[in-house]
Amino acid sequence: MIEIKVKRDDKGNPVNIEIQGHALFAPHGSDIVCAAVSVLTQTIIFALEDLVGLKLPVKMEEGYLLITPPAKMGKEQEEKCRLLLETMLLGLEETAKAYPRYILFKDE
């Protein structure tokens with residue numbers, strides 16, 4: 001099972017997004033649930049780097065991803081970062097609803 005944990009600050013901004021595990025929906029290389037999670041997360045990381053100019057401190061290993069937005073950003077970067085991260089989280093949450101046996105989504 002893939003576990004997604006979102007921690008937010010007092011304003012509701014995501015400050016820590018941790019994703020770990022494997023869906024085990026299908027054999028390695030054919031798992032559409034793992035592929036969906038990977039595509040959503042990596043596309044947003046690329047967008048934050050290429051379109052917003054943010055190099056996020058990301059820890060990525062086999063079956064593990066930790067995204068921590070920078071504590072200090074300009075106002076425009078902060079707004080774009082939040083929009084992109086919330087877009088990613090919306091996609092992950094909807095994917096978890098579609099595949100509840102394979103993804104656990106916790107938004108704290």
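When the residues of region 58-87 are narrowed to those that are part of a loop (DSSP other than H, G, I, E, B) and open to solvent by 50 Å² or more (accessible area, probe 1.4 Å), which ends up nearest to ASN16 (Cα to Cα)?
Across region 58-87, the extreme among qualifying residues is ALA71.
Among the residues of region 42-57 satisfying the criterion of being among the hydrophobic types (A, V, I, L, M, F, W, C) and under 11 Å from the mean Cα position of the chain (by Cα), which is surrounded by the fewest Cβ atoms within 10 Å (Cβ to Cβ)?
Result: ILE45.
If I ask for residues that are over 18 Å from GLY91 (Cβ atoms) and in a loop (DSSP other than H, G, I, E, B), which ones from region 14-57 would you list?
Within region 14-57, HIS22, LEU24, ALA26, PRO27, HIS28, GLY29, SER30, GLY53, LEU54, LYS55, PRO57 qualify.
Quick check on region 1-41: of everything there that is over 19 Å from ALA98 (Cα atoms), touching a residue at least 60 places away in the same chain (Cβ under 8 Å) and open to solvent by 60 Å² or more (accessible area, probe 1.4 Å), which residue is nearest to the chain's Cα centre (by Cα)?
Checking each candidate, the answer is LYS7.
The values are calculated or read from the model by the stated rules, or taken from the named source; none is laboratory data. Everything quoted here is computed from the prediction, not taken from an experiment. So basically every Cβ, Gly included, is an ideal-geometry build from the backbone, and we count neighbours across all protein chains shown. These area figures cover heavy atoms from the full protein model, side chains too; ligands, DNA and RNA do not enter into them. Shrake-Rupley method; radii C 1.70, N 1.55, O 1.52, S 1.80 Å.
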